[in-house]
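Working notes for the structure below.
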Amino acid sequence: MKYFSTNDVNRRTGFRQAVIKGLPNDNGLFFPERIPRPSILTSLEGADLHEIAFEILREYTKEDISSSRLTDITTEVLSFSIPLVQVEQNIHALELFHGPTMAFKDVGARYLARMIRDLSDDRLTVLVATSGDTGSAVANGFFGVDGIDVIILYPSGKISDIQEKQLTTLGGNVRALEVDGVFDDCQRLVKEAFLDQDLNKEIALTSANSINIMRWIPQSIYYAWGLSQLRTSDEVVAVVPSGNFGNLAAGVLAAKMGLPISSFVAATNANHVVPDYLKSGEYKPQPSTATISNAMDVGDPSNFPRLLALYGNDYKAMKNNIEGYWQEDDATRSTIERCMRNNNYLLDPHGAIAFEAATRIRQSEKQYMFMHTAHPAKFKGVIDDVLGSDLEIPERLAESLAKEKKSTPIAVDYLAFKEIILG
Ligand SMILES: *Cc1c(COP(=O)(O)O)cnc(C)c1O
């Protein structure tokens, strides 16, 4: 399998190069030259998670990763459960938060870290901008991996205490930069570093954002695993709380690979560029707005070109297959409260938006599978406010909370950032 750039379909790159580089030189995104159709996706009966993962990833990786390595890596990565839980009539939560950092990005980040370790001979620096959960998933995925340095940029004061502690307390090969700006500033600094030819001569850089194909493609696994647990012959709609749209694009990729998901819902908060696009056909990036579902505070989603590519750059095709939904924070608080009262099921602020979208569009003959992307305890402040509760913090999170934060404050200043990378 080769990968082309969404900006230049004629230039192809092999798997190894695409993973190590992260981004093509022309500022596009890597995209597979063809979409495989693994037969397991149309006969999920009795399939287990590791089998599904192997069959999906094999096609994308086989030039550079042997089948026995892929099996081992898959066993290491998917060492936790991903249960599907019925919340209400026809509405099911795929709980993606049982991994080490308790948010769904663990799956992609862990695959990426292990594949990079296998593929690279050079010392590598991983750069990652985070709006919350990416940083901790990536930091955790790469922590202690030999020959790899990790630099994480996060917007000061805009992520939760737990998220901040998760990425600033590891130490070792992981360094956290606290940026005096918003997430988009962090993302811009990272993009600039990748385009800086000078810098790239000095040092081997790679990206661990959801733009890396090994962060992105493995996410298609859990859609298949969700369906295999759902065991239904009804039409299935996947509802995805979205920020950079890597997760949703992976769901669409799974459907294009043959997985029977009939349509998607793109659920967002006040950062609703994509729902607006679906309505108007015009893509208008915005500065990001801070919300209580902060992992979705993205004003110019980096995976948007990939989403378009999945629909052959055809607006109508996308519009026919993806419905947009968004709501403000107050509505999200009400959703959390109502779902607890009616169903005794606790939602995090991201999953809550997807759940609300599902309840609003629900039709009795369809099944709705929404991605429950973070453990509610990661957003204890919001949840306790809404429910008047005092949520217990799972041990895994309490351990990070007890440690002291170590971060380097920086301004939104590319030269200062470059010095840190080189230093
Ligand atoms: C990252 C994240 C999202 C958004 O996922 P994208 O792939 O960027 O669209 C949603 N919820 C949580 C909890 C996240 O961490």
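Count of segment 346-375 residues, restricted to those that are surrounded by 24 or more Cβ atoms within 10 Å (Cβ to Cβ), in a helix (DSSP H, G or I) and either aliphatic (A, V, I, L, M) or at pLDDT below 95 (or both), is 5.
Does at least one position in segment 341-364 carry a residue that is of a type in the set (D, E, K, R) and farther than 27 Å from Q229 by Cα? No, every residue in segment 341-364 fails to be of a type in the set (D, E, K, R) and farther than 27 Å from Q229 by Cα. Close contacts from segment 74-97, counting a first residue that is under 13 Å from L230 (Cα atoms) and a second that is of a type in the set (S, T, Y) and within 16 Å of the ligand (Cβ to nearest atom), with Cβ to Cβ under 7 Å and a gap of 6+ residues or different chains, come to I82/Y222; L94/Y222. The numbered conditions (1) more than 16 Å from the ligand (Cβ to nearest atom); (2) closer than 19 Å to F417 by Cα are all true for A139 except (1). Looking across segment 230-250, not a single residue is within 17 Å of L310 (Cβ to Cβ), part of a strand (DSSP E or B) and near the ligand (Cβ under 6 Å from one of its atoms). For first residues located in segment 326-341 and in a helix (DSSP H, G or I), partners that are loosely packed, with under 15 Cβ neighbours inside 10 Å and lie 6+ apart or on another chain with Cβ distances below 8 Å form the pairs R333/D385.
Here P100 clears all of (1) away from the ligand (no atom under 16 Å from the Cβ); (2) part of a loop (DSSP other than H, G, I, E, B); (3) within 30 Å of I159 (Cα to Cα) except the condition numbered (1).
For N271, indicate whether it is within 18 Å of V107 (Cβ to Cβ), in a loop (DSSP other than H, G, I, E, B) and either within 16 Å of the ligand (Cβ to nearest atom) or among the basic types (K, R) (or both). No; evaluated as a whole, the condition is false for this residue.
Here is a yes/no grid of residues against (1) modelled with pLDDT of 95 or more; (2) surrounded by 12 or more Cβ atoms within 10 Å (Cβ to Cβ); (3) not in a helix (DSSP H, G or I):
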position	(1), (2), (3)
Q17	no, yes, no
P24	no, yes, yes
R37	yes, yes, yes
L41	yes, yes, no
E55	yes, yes, no
S68	yes, no, no
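The condition of being among the aliphatic types (A, V, I, L, M) and surrounded by 20 or more Cβ atoms within 10 Å (Cβ to Cβ) holds for only one of A270, A255, that being A255. Please work out which residue is nearest to K191 (Cα to Cα), limiting yourself to segment 395-416 and to residues that are at pLDDT 95 or above and in a helix (DSSP H, G or I). Going through the qualifying residues, I end up with Y414. Taking into account only those residues within segment 117-136 that are more than 16 Å from the ligand (Cβ to nearest atom) and hydrophobic (A, V, I, L, M, F, W, C), which is farthest from D64 (Cα to Cα)? If we take residues in segment 117-136 being more than 16 Å from the ligand (Cβ to nearest atom) and hydrophobic (A, V, I, L, M, F, W, C), then L127 is farthest from D64 (Cα to Cα). Among the residues of segment 162-173, are any touching a Pro at 6+ places or on another chain (Cβ under 7 Å) and either at pLDDT 90 or above or within 16 Å of the ligand (Cβ to nearest atom) (or both)? Checked segment 162-173: no residue is touching a Pro at 6+ places or on another chain (Cβ under 7 Å) and either at pLDDT 90 or above or within 16 Å of the ligand (Cβ to nearest atom) (or both).
The C-beta contact set for segment 218-245 (first residue touching a residue at least 60 places away in the same chain (Cβ under 8 Å), second residue basic (K, R), distance under 8 angstrom, 6+ apart or interchain) comprises D234/K366; E235/K366; V236/K366; V237/K366; F245/R306. Just so you know, in segment 279-300 the residues that are touching a residue at least 24 places away in the same chain (Cβ under 8 Å) and surrounded by fewer than 13 Cβ atoms within 10 Å (Cβ to Cβ) include one that is nearest to the ligand (Cβ to nearest atom), and it is P287.
Yes/no per residue for (1) farther than 22 Å from S160 by Cβ; (2) in contact (Cβ under 8 Å) with a residue 60 or more places away in the chain:
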residue: R69; (1), (2): yes, no
residue: V107; (1), (2): no, yes
residue: L119; (1), (2): yes, yes
residue: D122; (1), (2): yes, yes
residue: G135; (1), (2): no, no
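The values are calculated or read from the model by the stated rules, or taken from the named source; none is laboratory data. Just so we're clear, the structure is a prediction, and the values are computed from it rather than from any experiment. We place every Cβ from the backbone using ideal geometry, glycine too, and count neighbours over all the protein chains shown.
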